[in-house]
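Colleague: Sharing a structure with you now.
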Amino acid sequence: MKLEDLGFSAWFQEHNDSELLKSTQTARVISVSRNQYMINNEIGEIPAEVTGKLMFNAESALDYPTVGDWVYAEYFDDNTFAVIQKLYPRKAVLKRKTPGKKVDFQLIAANIDVALIMQSLDHNYNLPRLERYLVMINEAGIEPLVLLSKLDLISTDELNEKLTEVRQRTGRKKIIPFSTINGIGLNEIKGSLEPCKTYCLLGSSGVGKSTLLNSLIGENILKTRSVRESDSHGRHTTSGRQMLFLENRSMIIDTPGMRELGNFDIETGLSQTFSEIDEIARQCKFSNCTHEHEKGCAVQKALKDETISRDRYRNFIKMKKEAAYYEMSYLEKRQRDKNFGKMVKNVMKNNKNKS
Ligand SMILES: Nc1nc2c(ncn2[C@@H]2O[C@H](COP(=O)(O)OP(=O)(O)OP(=O)(O)O)[C@@H](O)[C@H]2O)c(=O)[nH]1
Ligand SMILES: [Mg+2]
Ligand SMILES: [Zn+2]
């Protein structure tokens, strides 16, 4: 495959390390599982590893290659194996807080043009969560497209209600409801995918990300959850991340469902997602206004005048608090978690003593 077909653009060309290109070639990471990478370029799809130097210099997981990365690779053994020397700068990157207490980050994918944010129209449908995804995507500087799956499970009236709600709350007109069972909406999704662009599927486990990809490709390449298991919670069917190539030459990355979202630098995304509130907040009397009880708060006034919706306001405040939590330092958080752990232990002990 040619580099342009894989999404290589002038931006990467301008940022290249011409010295390093004398001994290496440019390739794109198309799948990652543990320390094994698959990379692709004119030579073809081959396995690769990273150099010891790259590992040694890596300060965190963010310095390792991820799906979608452009890399400098040195080829060996008749081009059957490669070693990744260095990464190209990333144009956009999707990352998330790793599950659990520790504040650590995991890369989801790099150099994504459009994020396909997916919710299913059954019990998974949740507007605040959708807003959280939009914040994350905006913050990463990636364009979002909202897909609502399992359309076959609800009535037309219910659908229209939900569509109106999503449009109002997110300010987005283009939202695609679809079903892989009756095929409604699939052509609209296909029509939205452009050649040489990279897409990434995001959404909770079980919403049907891999099922959609299989139907777009027309083959059951990806493992999906069996219908029998469809009620089982907390299990991820997809574990690795990989990029697939559609007939129209667009690329889509499948990812495992995410349980937690979090981001240090969420503020920019926050002001974009809640732009109408952000605009008003600039007129508050105090620059550090929390918009909850201060005198001269323009947001509180707008709430009374009903210029902004109470639902949107509640989410805005909730996300602001979350952002503040993510911005606390490592140490503060560890202390907080430790104290919490102690408290839980004490409560358990007391309960034991009582019984
Ligand atoms: N009713 C209905 N069920 C669907 C539809 N699409 C997918 N499903 C079912 O939803 C379940 C989950 O599908 P997956 O594609 O494995 O979900 P996923 O989002 O890839 O999940 P993870 O890989 O765990 O993140 C399966 O049982 C599918 O058969 C749909 O359009 N309608
Ligand atoms: Mg999956
Ligand atoms: Zn205010």
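Colleague: Where the second residue is among the β-branched types (Val, Ile, Thr) and the first is surrounded by 11 or more Cβ atoms within 10 Å (Cβ to Cβ) and lies in the stretch 1-25, which pairs have Cβ atoms under 8 Å and are six or more apart or on separate chains?
Modeller: Leu3/Thr26; Gly7/Thr198; Phe8/Thr26; Phe12/Thr26; Asn16/Thr26; Gln25/Ile43
Colleague: While we're here: Just need a number here: residues in the stretch 1-29 that are among the polar types (S, T, N, Q) and part of a helix (DSSP H, G or I).
Modeller: Looking only at that region, the number is 1.
Colleague: Related question: Anything in the stretch 78-134 that is among the polar types (S, T, N, Q) and either at pLDDT 80 or above or in a strand (DSSP E or B) (or both)? List them, or say none.
Modeller: Result: Asn79, Thr80, Gln85, Gln106, Asn111, Gln119, Ser120, Asn124, Asn126.
Colleague: Tell me which helices (runs of 4 or more DSSP H) are completely within the stretch 236-341 and hold 3 or more residues being at pLDDT 70 or above, among the aromatic types (Phe, Trp, Tyr) and away from ligand 3 (no atom under 16 Å from the Cβ), or say none if there are none.
Modeller: none
Colleague: Any chance the stretch 198-215 includes a residue that's farther than 25 Å from Ser9 by Cα, crowded, with 18+ Cβ neighbours inside 10 Å and among the aromatic types (Phe, Trp, Tyr)?
Modeller: No, the stretch 198-215 contains no residue that is farther than 25 Å from Ser9 by Cα, crowded, with 18+ Cβ neighbours inside 10 Å and among the aromatic types (Phe, Trp, Tyr).
Colleague: Still on this structure, please answer the following. Regarding the stretch 204-212, can at least one residue be identified that is away from ligand 3 (no atom under 16 Å from the Cβ), over 19 Å from the mean Cα position of the chain (by Cα) and touching a residue at least 12 places away in the same chain (Cβ under 8 Å)?
Modeller: Checking the stretch 204-212: not a single residue is away from ligand 3 (no atom under 16 Å from the Cβ), over 19 Å from the mean Cα position of the chain (by Cα) and touching a residue at least 12 places away in the same chain (Cβ under 8 Å).
Yes/no per residue for (1) farther than 15 Å from Leu127 by Cβ; (2) at pLDDT 95 or above:
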residue: Glu143; (1), (2): yes, no
residue: Ser149; (1), (2): yes, yes
residue: Val166; (1), (2): no, no
residue: Ile176; (1), (2): yes, yes
residue: Ser179; (1), (2): yes, yes
residue: Glu188; (1), (2): yes, yes
residue: Ser192; (1), (2): yes, yes
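Colleague: Let me ask something else. Give the stretch 133-149 a look and list any residue that's over 19 Å from Asn111 (Cβ atoms) and either touching a Phe, Trp or Tyr at 6+ places or on another chain (Cβ under 9 Å) or in the same structural domain as Lys320 (by TED's automatic domain parsing) (or both), or say none.
Modeller: Val135, Val146, Leu147, Leu148, Ser149
Residue-wise test of (1) within 18 Å of Ile108 (Cβ to Cβ); (2) loosely packed, with under 15 Cβ neighbours inside 10 Å; (3) touching an Asp or Glu at 6+ places or on another chain (Cβ under 6 Å).
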{"site": "Ile46", "(1), (2), (3)": "no, no, no"}
{"site": "Gly52", "(1), (2), (3)": "no, yes, no"}
{"site": "Phe56", "(1), (2), (3)": "no, yes, no"}
{"site": "Ser60", "(1), (2), (3)": "yes, yes, no"}
{"site": "Val71", "(1), (2), (3)": "yes, no, no"}
{"site": "Phe76", "(1), (2), (3)": "no, yes, no"}
{"site": "Val83", "(1), (2), (3)": "no, no, yes"}
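Colleague: Of the residues Glu306, Glu294, which is touching a Cys at 6+ places or on another chain (Cβ under 9 Å) and either under 19 Å from Leu130 (Cα atoms) or more than 16 Å from ligand 1 (Cβ to nearest atom) (or both)?
Modeller: Criteria check complete, one pass: Glu294.
Colleague: Moving on to the next point. Would you point out the residue of the stretch 210-223, among those that are touching a Lys or Arg at 6+ places or on another chain (Cβ under 9 Å) and within 10 Å of ligand 2 (Cβ to nearest atom), that is modelled with the highest pLDDT?
Modeller: Per the stated criteria, the residue is Thr211.
Colleague: Which numbered condition trips up Gln119, out of (1) under 29 Å from Gly183 (Cα atoms); (2) surrounded by fewer than 18 Cβ atoms within 10 Å (Cβ to Cβ)?
Modeller: Among (1) under 29 Å from Gly183 (Cα atoms); (2) surrounded by fewer than 18 Cβ atoms within 10 Å (Cβ to Cβ), the lone unmet condition for Gln119 is (2).
Colleague: Just name the residue that is surrounded by the most Cβ atoms within 10 Å (Cβ to Cβ) out of those in the stretch 122-159 that are touching a residue at least 40 places away in the same chain (Cβ under 8 Å), under 17 Å from Lys190 (Cα atoms) and hydrophobic (A, V, I, L, M, F, W, C).
Modeller: Leu147
Colleague: Also: Please work out which one of (1) out of contact with any Pro (no Cβ under 7 Å at 6 or more places or on another chain); (2) surrounded by 15 or more Cβ atoms within 10 Å (Cβ to Cβ); (3) closer than 25 Å to Lys197 by Cα is the condition Glu42 fails and give its number.
Modeller: (2)
The values are calculated or read from the model by the stated rules, or taken from the named source; none is laboratory data. Every value quoted in this text rests on a predicted model; they were computed, and no experiment measured them. Note that each Cβ is placed from the backbone with ideal geometry, even for glycine, and that neighbours are counted across all protein chains shown.
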